[in-house]
C-alpha cells in the first residue's frame, strides 16, 4: 500500500516561483516574427492581458498568488505525495519511490494550476472570451472549468487525432460550458488551408495553436490562452514542486533522481523548477530527467534554435528544442506530448546541463503503467506513463547495482478518460512510431534563419 503524505492546507504556496533570475545565464529573448527583433509587452497585448504579459517577462523570483486563486486551489491543493510501497515491493531492491499526484484536480490533471490563474487575470482585465488549443483534452477541459468559474466563454481547438480517440474529453469540455472543435477545422482561415492541402491530416498542437491564435488576433473581444511552453504558464505550475519540497522534508528525504514527462514542458517544470533552485543553491544535487515520446522527440532529437510556436507562423519566435514548426507527429495516444517544440526555459536548462532528457516508445510506457496500476491503484494518463516507466526503469537499475536511491516523479494526471488507449494496448493495437529523420530534416528546412542573437 502507498503511504499518502499530506501537506496541511495552511502550507498551500503563497507565491509562484520564477526561475529566470536564478539561472547562471539568462534565456534568449523572444523575437518578433517579422523583424527578428526582441519583442516588448505591447507586441503581446493583442493576445494576453497585461498582468500575464508582465509575468511572462518578470525578473522577480516570486510572484504572489492572489487570494481569489488560492481559494480555488483549495478545492484540490495541496495535492498528495505518495510513497510507492507497492511499486517498491514489485521491483525489489533498495530504491525508495515517491510520486506527486496531480490527478486529484477537478479535471484529473495538473492543468488547472495555470488555467485558473489565466482565467482570473483575463476576467480581471474585462475579457469576455478565451480561445485555446488542446492536445489530449486535459488543457481544454481545465480552461473550460476555469472559464466557468469566472463567467468567461471558452472556444477550444482539439487536435483531430485526439478528438477522435478521446470522445469523453470532448464531453468533459462541453460539460463545463465550452465549445470544442476538431483541429484543423473549417472555422478559421488557417484550418481551411490545412484541410485543403491534407483532408486526412491527424492534426497537431502546432496547427491547433494557429487556429486559436487566429481567433484571438481577429476578434477584439477574445484573448488567447496557452496551456504550456510560455514562462508564465510554467511559473503557475511551480505550486507542484514547492509542495513536493515540503512533503519530502516531512519524511526527511532528498531525491536523487527527479523525473517528469515532457511535451510542452508545464508539468515537468512545475515539479522540477523549485528543485533546480535548490540545486543551484548547492542544497541538493539530483539528476533531473525529462521523458518524452519517441514519436515527438524534441529534446532528444530536435535542434536548439529559434522557431515558431505554431505551424501557421503566427506566434513570436522563441529559442527552443524543435523538430520544425511544420512537424506533424504520428497519432500516439499521449496526445498532450505531441508537440514540435519544447518550452524555451526547459530547453535552456538542458543547454545549461541542469537537466537531461530521454525518449520512450508508447508500448513500453503502457506496459509499465499497467504494472504500476496493479500495485498502486491509480491508472496513469497516457502522458505520465512516460514518467512512471522511467521511474520504474531507474528503480530496476538501482536493484541491479545495489545503489540506494530516492526517486521522485510527477504523476500529472489519471487515465480515466483514456481507457481506449489502454484497450488498444491490451488488444495489441498500439504502434511504436519512430519519426524518420528525413521528415525532421524536411520540417527543419523551413525553420527561419535567425542571426545576431
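Things to note:
- Calculated on alpha-carbon atoms, Rg and Dmax of the stretch 197-253 in Å: 18.6, 57
- The fraction of all Cα pairs in the stretch 1-111 landing in successive 5 Å bins from 0 to the largest distance is 2, 9, 12, 14, 14, 14, 12, 10, 7, 4, 2, 0, given as whole percents.
- Solution diffusion estimate, µm²/s, Stokes-Einstein, the chain, Kirkwood Rh from C-alpha pairs, 4 °C, viscosity 1.567 mPa s: 60
- In terms of surrounding Cβ atoms within a 10 Å radius of their Cβ, 427, 22 rank from fewest to most as 427, 22.
- The packing ranking of peptides 95-106, 74-85, highest mean first, is 95-106, 74-85, where packing means the average number of other beta carbon atoms within 10 angstrom of each residue.
- With both residues required to sit in the chain, DSSP beta bridges show an antiparallel share near 40%.
- Relative contact order (%) - the chain, alpha-carbon pairs under 8 angstrom, separation at least six: 20
- Taking 299, 430 and counting other C-beta atoms within 10 Å, the order from fewest to most: 430, 299
- Relative contact order (%) - criterion: Cα under 8 Å, at least six apart; region: the stretch 75-117: 39
- Across every pair of non-identical alpha carbons in the stretch 406-453, the mean reciprocal distance, once inverted, gives a Kirkwood radius of 15.4 Å.
- Protection proxy ranking of 369-378, 111-120, 58-67 - average other beta-carbon atoms within 10 Å, highest first: 111-120, 369-378, 58-67
- In the stretch 229-291, Cα pairs under 8 Å separated by at least six residues give a relative contact order of 43 percent.
- More than 19 angstrom apart: percent of Cα pairs within the stretch 266-410: 56
- When the convex hull of its Cα atoms is viewed from all sides, the stretch 332-453 shows a mean projected area of 10.4 nm².
- For residue 164 and residue 89, a Förster radius of 45 Å and the Cβ-Cβ distance give a FRET efficiency of 0.70, rounded to the nearest 0.05.
- Length released on extending from residue 45 to residue 433, taking residue separation times 0.36 nm less the Cα-Cα span: 135.8 nm
- Gain on full stretching of the segment that runs from residue 23 to residue 3 - 0.36 nm per residue minus C-alpha separation: 3.7 nm
- Between helix 385-401 and the chain there is an angle of about 30 degrees, using the helix long axis and the longest principal axis of the Cα atoms.
- Using the alpha-carbon positions of the stretch 117-255, Rg (one decimal) and Dmax (whole number) come out as 16.9, 59 Å.
- Cα-based Rg and Dmax for the stretch 171-326, where Dmax is the largest Cα-Cα distance (Å): 18.7, 59
- Spacing of the two label points (7 Å from each Cα toward its C-beta) at residue 449 and residue 36, in nm: 0.8
- For the stretch 82-193, the Kirkwood hydrodynamic radius from C-alpha pairs, put into Stokes-Einstein at 4 °C and a viscosity of 1.567 mPa s, yields a diffusion coefficient of 83 µm² per second.
- Taking one quarter of the surface of the convex hull spanned by the alpha-carbon atoms of the stretch 218-277 gives a direction-averaged projected area of 5.2 nm².
- Pairwise FRET efficiency - residue 124 versus residue 278, Cβ, R0 = 30 Å, nearest 0.05: 0.40
- Cβ-Cβ FRET estimate between residue 220 and residue 57, R0 fixed at 35 Å, reported to 0.05: 0.90
- Two-decimal ratio, the stretch 13-72, of alpha-carbon radius of gyration to 2.2 N^0.38 Å: 1.34
- The stretch between residue 10 and residue 399, if pulled fully straight at 0.36 nm per residue, gains 136.2 nm over its current Cα-Cα span.
Coordinate-derived values only; no laboratory data. Just so we're clear, the structure is a prediction, and the values are computed from it rather than from any experiment. Neighbour counts are summed over all protein chains in view; Cβ atoms, including those assigned to glycine, are modelled from backbone coordinates with ideal geometry.
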